[in-house]
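Enquirer: Structure incoming, see below.
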Amino acid sequence: MNSTSDQKVFALLPPDASWLDAAFAATGSVFFALDGAGCILDIIGPVLETLHAEPGQLVGKQPVSLVHPDERERFLASLKDVHRFDRMTRITGRFSLRGSDWRRLHMDVWRPSGVVGVSVIGRFTAVVQSTALEADLLRERNLFNQLLQHLQTAVIVCDAQGKILIHNELLNKHKFAIPPMTPLEVWLPKVTAFTDDGITPLDVQQTPIPRALRGERVEDLRFAIQVAPDEMRFRRAWGGPMFDASGAMVGAVFAIHDVTDQRRVETALLAQATHDSLTGLPNRSVVQERLQAALARSRRSKTPVAVLFIDLDHFKLVNDTIDHAAGDRLLVAVAQQVRAVIRPADTLVRLGGDEFLAICENLSGVGDALTVADRIRAAVTHAVRTLGIEIPVSASIGIAMAQTGLESPDSLLTDADTAMYRAKESGRDGVEVFGEELRAKALARIEGQRGLTAAIEERRIRTHFQPIFDAASGRMVGAEALARIIDPVVGIVEAGSFLDVAEETGLVTQLDDIVMRQALAFLAERRAEGKLDLFVGINLSLRTLGRADVVSWLAEAADAAGVPMNRIGLEISESRILTAPALLHGTIEALAERGVHVGLDHFGSGNSSLAFARQWPLAFVKIDRLYVADVGTNPQSAAIIDSLIRLAHALRQSVTAQGVETAEQAAVLRSLGCDFLQGFYLSEPVSAGDWETDQSQV
């Protein structure tokens, strides 16, 4: 026995009390006392057999120095419980003085009362196991630890006080921030939790461990933890309480999966799906959701919502005359400038192409919406000037107002779109507010689209042909193909009633294909009758002419019909050429090289007619009916037509006068040297079935 001070717990024993050592040895337990610094003050019993050390080697050492390094943190936490809770605590672990030959021991410790200089009394007891059982347990423990470390989910086992007893490395990797062997009431108040949105605060008592310790099972609980001022981690948890053989709850076990990286990927993919890659603005996919939310707020606040449909005028010319990169730069600049002039709470969306949509809330009325529209138009102009683009790109804006919040998103979008088209029809670079007049027109356009779609599907599109005559001889030399709808109620519907709808809806490409093929079939029939010199004039839309394969498309159709390409006349108006001159110039050259006779329709009606007649490979021009109408009564019109005919002839182009309604007009035009005449005075358009093969002269 080692006793050196009368303050030691065993100092009261007589010096010859070696029998006490023998008594302790018989129990198989080693007893010890710790001083105020936590060092071994005295130790008695079978020390050598239990700890493989002499008592003198252990006096003055702290018990933690004997503990295996992997278990020291848990050991210290348990030792603190002795002082905090004033109860005996058992710590089981591996102990050794030399750092090898570890012995597995129970260490029971408690606080004595009334013993001066002693802070803790304890005993070491060997854990009795058979060698085979200990080996099995060690092997199972190793397998279990390896399993835990290979799992891609954090596994946590805690006791009934919420102290972490077992965990794998993912607990630290994913910053779970729960210190091992620390009771729940110590660490839980330090946790800042949120619901799965990462915004709404969550009571920490509703996080997995507190819930399980209240006896609840946790099934796929989704939540978030603030692990740093600028870092949020998102979690999913499964688990529940653990019970011993008697049914008493002894702790809880959890599998907690950190889904932060997955959430980041999902967020990035969602941003890609809902945002325009070029401008960074939200795209069309968010319009319904944003508009529904705005209308809901409008109902609560009793304030109007404005939907502004924005379309860039002449934007296609930027792509066609400069390049697509310039067009992209302009779209980015427009997005930035417009975003800067509307309020942060308002929504700006790129619908696609050169179309944008703004949703503005908390307005006092339509006046505020008009103010916003003017700012947007100014922002577009500023973007164009900043990039040094000389093409007059501007904005046509349609406004639809939601006054009550009860309006449907679809109707507002349709109304704003209708108002935007009205702004374009009114000369572009303007603003139009949707009203009852526009509503009536929109309904008419919708009805027109339905009628045209039905006519195409039911094959009620018919091509009529208006003859064209040689002015000098009166001989019929060709015909212009004109689309008609055969309506079961009203009869024949002329193209003027449905062409605008066809252009706006894109149905015009189907219409072009039908008319072109019927015209070629008509010409093939006339050729079978011996009319080999007859030609047919076809009008194609800009959409069709913009096709990359338009030349091969027309050539294949002509070849299938058995019609030479040089018997086809293609009429293009100046307004269409102005829309995309660079695109059309190459197309017209390619068609002309294949033998197609390309002509300028409505010649003389625009400022660029003379330039086009001189610069483009045109075979003929058609004088606008505006001049033909009063050529017999107005000397100025006659003089203009005379100049146009002379100019065209100088450029080796033939001249056709359209809209000839009287004999007087025909006589004047012949006298001025016009080459061909077309109009109701000479012949109305007729169907292919009503065409008279012997009607070859007027």
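The values are calculated or read from the model by the stated rules, or taken from the named source; none is laboratory data. The model shown is predicted, which means the values in this text are computed figures rather than measured ones. Cβ coordinates were reconstructed from backbone atoms using ideal geometry, including for glycine residues, and neighbour counts include every protein chain displayed. These area figures cover heavy atoms from the full protein model, side chains too; ligands, DNA and RNA do not enter into them. Shrake-Rupley method; radii C 1.70, N 1.55, O 1.52, S 1.80 Å.
Enquirer: Charges only on Cβ, +1 for Lys and Arg, -1 for Asp and Glu: so what's the dipole of the stretch 208-275 about the Cα centre, in debye to the nearest 20?
Expert: Details: 9 positive and 9 negative charges, 25 e Å.
Charge dipole of the stretch 208-275: 120 debye, to the nearest 20.
Enquirer: Here's something else I'd like to know. With +1 on each Lys and Arg Cβ and -1 on each Asp and Glu Cβ, how big is the dipole of the chain about its Cα centre, in debye rounded to the nearest 20? Let's see the in-between values first.
Expert: Numbers: 70 positive and 88 negative charges, 450 e Å.
Value, rounded to 20: 2160 debye.
Enquirer: Carbon and sulfur together cover what percent of the accessible area of the chain at a 1.4 Å probe radius?
Expert: Solvent-exposed carbon and sulfur of the chain make up 53 percent of the total.
Enquirer: Taking Rh as the Kirkwood radius computed over C-alpha pairs, what is the Stokes-Einstein D of the chain at 37 °C in a medium of viscosity 0.692 mPa s, expressed in µm² per second? It would help to have the intermediate numbers written out before the result.
Expert: Details: Rh = 34.6 Å.
Answer, rounded: 95 µm²/s.
Enquirer: Same structure again: Rounded to the nearest angstrom and ordered from largest down, what semi-axes does the equivalent ellipsoid of the stretch 529-595 get from its C-alpha gyration tensor (root of 5λ)? Display every interim value, and only then the final one.
Expert: Values: eigenvalues 106, 33, 19 Å².
Over the Cα atoms of the stretch 529-595, the semi-axes work out to 23, 13, 10 Å.
Enquirer: Now for a different question. Considering the dipole of the chain built from charges on the beta carbon (Lys and Arg +1, Asp and Glu -1) around the Cα centre, which of Leu351, Ser573, Leu269 is farthest to its positive end?
Expert: Leu269
Enquirer: Taking the square root of 5 times each eigenvalue of the Cα gyration tensor, what semi-axes in Å does the equivalent ellipsoid of the stretch 174-255 have, largest first? Intermediate results must be reported in sequence, preceding the final value.
Expert: On the way: eigenvalues 114, 40, 21 Å².
Equivalent ellipsoid semi-axes, largest first: 24, 14, 10 Å.
Enquirer: Here's something else I'd like to know. Tell me, how many Å apart are the Cα centres for the stretch 496-556 and for the stretch 279-320?
Expert: A separation of 37 Å, based on Cα centres.
Enquirer: Also: Quick one: helix 366-386 against the long Cα principal axis of the chain, what's the angle to the nearest 10°, folded into 0 to 90?
Expert: Once rounded, one gets 80 degrees.
Enquirer: Counting other Cβ atoms within 10 Å, keep those with at most 10, restrict to DSSP loop, and tell me which trypsin sites (Lys or Arg not before Pro) in the stretch 293-386 are left.
Expert: Lys302
Enquirer: Follow-up question, since we're still on this one. Let me know the number of lysine pairs in the chain closer than 24 Å at the Cα, not counting same-chain pairs under 8 apart.
Expert: 13
Enquirer: So what does the Cα-only Debye profile of the stretch 438-533 read at q = 0.11, 0.17, 0.23, 0.24 Å⁻¹, as log10 I(q)/I(0), no solvent term?
Expert: Cα-only, vacuum Debye calculation for the stretch 438-533: -0.41, -0.80, -1.16, -1.22.
Enquirer: Here is a follow-up. Counting other C-beta atoms within 10 Å, and keeping those with at most 16, which DSSP coil GluC sites (Glu not before Pro) do you find in the stretch 331-426? Don't jump to the answer; show the numbers that get you there.
Expert: Details: sites: Glu355, Glu361, Glu390, Glu407, Glu425; in loops: Glu361, Glu390, Glu407.
Answer in residue order: Glu390.
Enquirer: Further, regarding this structure: What residue among Ala400, Val186, Asn362 has its Cα farthest toward the positive end of the dipole of the chain, where the charges are +1 on Lys, Arg and -1 on Asp, Glu, each on the Cβ?
Expert: Val186
Enquirer: Another question, then. Between the helical axis of 260-274 and the dominant principal axis of the chain, each derived from Cα atoms, what acute angle in degrees is found, rounded to the nearest 10?
Expert: 10
Enquirer: Another one. If one takes the longest principal axis of the Cα atoms in the chain, at what angle in degrees, from 0 to 90 and to the nearest 10, does the Cα axis of helix 581-593 lie?
Expert: The helix 581-593 is inclined about 60 degrees to the chain.
Enquirer: If you place +1 on the Cβ of every Lys and Arg and -1 on the Cβ of every Asp and Glu, how big does the dipole about the Cα centre of the stretch 289-360 come out, in debye to the nearest 20?
Expert: Details: 10 positive and 9 negative charges, 151 e Å.
With Lys and Arg at +1 and Asp and Glu at -1, about 720 debye.
Enquirer: Taking just the C-alpha trace of the stretch 336-490, give me its Rg and Dmax in Å.
Expert: Final numbers for Rg and Dmax: 22.1, 72 Å.
Enquirer: Okay, moving on. Report ³J(HN,Hα) in whole Hz for each residue of the stretch 211-217, in order, from the Karplus equation J = 6.51 cos²θ - 1.76 cosθ + 1.60 where θ = phi - 60°; Gly and Pro get x.
Expert: So the Karplus estimates, Gly and Pro as x, are 5, 5, 6, 8, x, 8, 8 Hz.
Enquirer: Another question, if that's okay. Using +1 at the C-beta of Lys and Arg and -1 at the C-beta of Asp and Glu, which of Thr371, Thr195, Met88 has the Cα lying farthest in the positive direction of the dipole of the chain?
Expert: Of the listed residues, the answer is Met88.
Enquirer: Under a 1.4 Å probe, what is the accessible area of the chain per residue, stated in Å²? Each step should come with its number before you reach the end.
Expert: Working: 34230 Å² over 698 residues.
Result: 49 Å² of accessible area for each residue.
Enquirer: For the stretch 491-646, how big is the tail of P(r) above 21 Å, as a whole percent of Cα pairs?
Expert: Working: 6223 of 12090 pairs.
Here the tail beyond 21 Å accounts for 51 percent of pairs.
Enquirer: When the Kirkwood radius is taken over all Cα pairs of the stretch 281-392, what Stokes-Einstein diffusion coefficient follows at 4 °C and 1.567 mPa s, in µm²/s?
Expert: On the way: Rh = 14.8 Å.
The Stokes-Einstein estimate is 88 µm²/s.
Enquirer: Provide the net charge surrounding Asp624, with neighbours chosen by a C-beta distance below 15 Å and charges set as Lys +1, Arg +1, Asp -1, Glu -1.
Expert: Working: positive: Arg576, Lys622, Arg625; negative: Glu480, Glu571, Glu574, Asp601, Asp630, Asp642, Glu661.
With Lys, Arg at +1 and Asp, Glu at -1, the net is -4.
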